[in-house]
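The values are calculated or read from the model by the stated rules, or taken from the named source; none is laboratory data. Quantities reported herein were computed from a predicted structural model and do not represent experimental measurements. Quick reminder, even Gly has a Cβ in these numbers, built from the backbone with ideal geometry, and neighbours come from all protein chains shown. Accessible surface areas use protein heavy atoms only, side chains included; no ligands, DNA or RNA. Shrake-Rupley method; radii C 1.70, N 1.55, O 1.52, S 1.80 Å.
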Amino acid sequence: MMPNLFSPQPWWARASWALLSLIVAYGLFATPSLAMRWGAAPAGGLLMVAWLGACALAWIAAGRRALVPAVLLLALAGRIVAGWLSDGRVSPGDPHSYLLLAEHLRAGTGLWIDEPFMGLRVWALYPPAYPLLLAGWTLAFGAGTASLLALSGALDLASVALVASIGRAIGAPLAGRRAGLLLLLWPAAWFDAPLAQKESLAILLVLAIARLWLAERPPVVALGVAAGLLALTQPGWAPIAGLFGLALGWRLGVAQLVRCGGIAAAVAVLVMLPWWLRNAALFGAFVPLTSAGGVSLWIGNHAGASGVWEPEPPGWRGLPELAYGARASAEAKAWIIAHPLGFAWLNLAKLLRATGAGDFALVRLAAMRPPLTGAAAALWLPLLQGAQLLLWAASLAAARWRDDAAARTALLLVAAGFAQLLLFGVWFEFGERHRAFMTPLLMLLVAVWGSPRGAKRGAREAARVARELVAA
């Protein structure tokens, strides 16, 4: 396929291409320093070669379904290895906290944990959707590594089905199947799988929202339920429901878009209402989603901040939960006002670090107790960083060198994802896991680029929807 270098592209496509270029450049720049930090074992290069072979098999299997079981077995093997590395170890932070939340819910004592760094019992620091799911799952199947692997596997398989459905909806069914199978082979997801990580559920909800907006007549009740559940799972990602609507809903006309968005928002409010009422009864105040907003803002904005979690000043210990968040928020806002240029530079650095580097799984493994040896990190770094850099580089090529209806719609989803990161994400605590929803969107873009022109092979209705999106 010849590169389409000179076709005019809309501003959002050019902006996405520029941002992808910046991320790829940073990833190349950062790789040597990551190798110095973690080491880079020669065997890690062999792992990368083996993974590329598995990806090639997935690419072929999308068109030859007899090969799909082999891809599923490889994906399972990657998750089992990650589970073996994590089994018997405590992963501090969210994975451990969610297990404690689920334990308290099973015991009937409510949604709370004793937060060791804050020095108090918190009741609304964590949104409720994933703890409720985890409590129900572990009540039925236990809280061991195998059970957590099964839960994340079920959620990931549902995400694969949604990616394939999105591919059909934009007139690129083969690309959708390819992107879905590639998602199962994503190395970072393997390391998430044996832990109580909410990102698997949150990604599933993001993909569901995108698919619902692509319907000829978006089902507003389902859309509102999905948006409300996303807000109660990963509050920082909640605005993407509206951004997908703005990106994909213009084909409906302004009046219909406003109607769909308004009804969906009302349904989302109903989904969140029980949580609001619970918090009002508990605190005597309105806590819409989480009490962590102020803390997250401080983690992302103060002298020496990197956007990665760190313990707050010890002088804050023991403050009431809402007062703690208010104190953190006030400190962050004061720093931002006093250092506007530092604020801008810091958040650009956070964006590039969280997108161009792929070592978060190693950071988490190193923090486990008992910790893993450094040799394990040196073995896995080439695969984790290499896969991340390859995905961004392929997305950069796809954004510039494919310009049909399916490709533009896939790029439109990526552009909406970038808008989410820039407008609502990067200002707070912001690491690799906070941009995890971008992975399936980028894979879809790459798969569309490398597949036959989908509008010719997809259903007529899917092709029509894609063309209307481009025209809008």
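Structural remarks
- For region 421-453 versus region 258-292, the inter-centroid distance based on Cα atoms is 27 Å.
- Simple rule: put +1 on each Lys or Arg Cβ and -1 on each Asp or Glu Cβ in the chain, find the dipole, and look at G450, L207, W11; the Cα lying farthest toward the positive end is G450.
- The distance separating the Cα centre of region 35-69 from that of region 198-214 comes to 26 Å.
- Normalised contact order of region 90-141, rounded percent, pairs of Cα under 8 Å and 6 or more residues apart: 36 percent
- Virtual paramagnetic centre 7 Å along Cα→Cβ of A56, amide N under 16 Å, in region 160-199: none
- Signed unit charges on C-beta, dipole axis of the chain, positive-most listed residue L74, L441, Q256: Q256
- Of Y26, Y126, Y324, the residue with the largest accessible area leads and the full order is Y26, Y126, Y324 (1.4 Å probe).
- Spin-label model, W345 to E310: label points 7 Å out along the Cα-to-beta-carbon direction sit 1.6 nm apart.
- Region 251-293: equivalent-ellipsoid semi-axes (sqrt of 5 x gyration tensor eigenvalues, Cα, Å): 30, 10, 6
- For q = 0.20 Å⁻¹, Debye-computed log10 I/I(0) when each Cα of region 208-248 counts as one equal scatterer: -0.52
- Of the residues L351, G136, S21, the one whose Cα sits farthest toward the positive end of the charge dipole of the chain, with +1 on the Cβ of Lys and Arg and -1 on the Cβ of Asp and Glu, is S21.
- Alpha-carbon Rg/Rh ratio, for region 284-326, with Rh computed the Kirkwood way: 0.99
- Dimensionless Rg/Rh of region 1-135 - Kirkwood Rh, Rg from C-alpha atoms: 1.10
- Just the protein heavy atoms count here, and of the accessible area of the chain at 1.4 Å, carbon and sulfur take up 72 percent.
- Of the DSSP H helices in the chain, those that are both long (alpha-carbon extent of 30 Å or more along the helix axis) and hydrophobic (Kyte-Doolittle mean at least 0.5) are 11-38, 145-169, 254-283, 374-401.
- Per residue accessible area in Å² of region 228-303, where ligands, DNA and RNA are left out and the probe is 1.4 Å: 39 Å²
- With contacts taken as Cα pairs under 8 Å at a separation of at least 6 residues, the chain carries a relative contact order of 27 percent.
- Rg over Rh [alpha-carbon atoms, Kirkwood Rh] for region 315-386: 1.15
- Amide N of region 320-342 lying under 11 Å from the label point, which is placed 7 angstrom from the Cα of A285 along Cα→Cβ: 320-329
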